[in-house]
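Scroll down for the structure; my scribbles are underneath it.
The values are calculated or read from the model by the stated rules, or taken from the named source; none is laboratory data. Because the structure is predicted, anything quoted here is derived from the model rather than measured. Cβ placement follows ideal geometry from the backbone for every residue including glycine, while neighbour counts extend to all protein chains displayed. Please note that ligands, DNA and RNA were not included when accessible areas were found on the heavy atoms of the full protein model with its side chains. Shrake-Rupley method; radii C 1.70, N 1.55, O 1.52, S 1.80 Å.
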Amino acid sequence: CHDSKGELHEFGTSWRTDDCNDCSCSRMGIECCTSFATPRDYDKEKCIAIFNKETCVYKILEKKDYSKECPVHSWVG
């Protein structure tokens, strides 16, 4: 399988892309899905969602104090 960057992957292999998608190669082709959950239900006026591309994880932090995390009531992913 050739990925979007043109790199060749053998059948039965899997990898994580730079944009945090988990992909696998089979005889049917390449299949990819997100490797992270996206926050949906949190106080968007008080808090901000910050995505870390190195860890592929969202942190939901208070806008006024990034040292404080906000509760998230539902995630999609």
Inset, instruction - Please get the size of the charge dipole for the chain, origin at its Cα centre, with Cβ charges of +1 on Lys and Arg and -1 on Asp and Glu, quoted in debye to the nearest 20. - result: 260 debye
Legend entry - Relative packing of peptides 17-23, 6-12 - highest average C-beta neighbours within 10 Å first: 17-23, 6-12
Legend entry - Convex hull projection area averaged over all views, the chain, Cα basis, nm²: 6.1 nm²
Inset, instruction - Using the heavy atoms of the protein chains and a 1.4 angstrom probe, tell me the accessible area per residue for segment 9-77 in square angstrom. - result: 75 Å²
Inset, instruction - Leaving ligands, DNA and RNA out of it, work out the accessible area of ARG40 with a 1.4 Å probe and give it in Å² to the nearest 10. - result: 130 Å²
Legend entry - Total lysine pairs whose alpha carbons fall under 23 Å of each other in the chain (8 or more apart, or interchain): 14
Inset, instruction - Determine the sum of side-chain charges near SER67: Lys and Arg each +1, Asp and Glu each -1, restricted to other residues whose C-beta is under 15 angstrom from that of SER67. - result: +2
Legend entry - Disulfide-incompatible cysteines by the Cβ rule (no partner under 4.7 Å) in the chain: CYS33
Legend entry - Dipole axis of the chain (+1 Lys, Arg; -1 Asp, Glu on Cβ), positive-most option in ALA49, ASN21, LEU8: ALA49
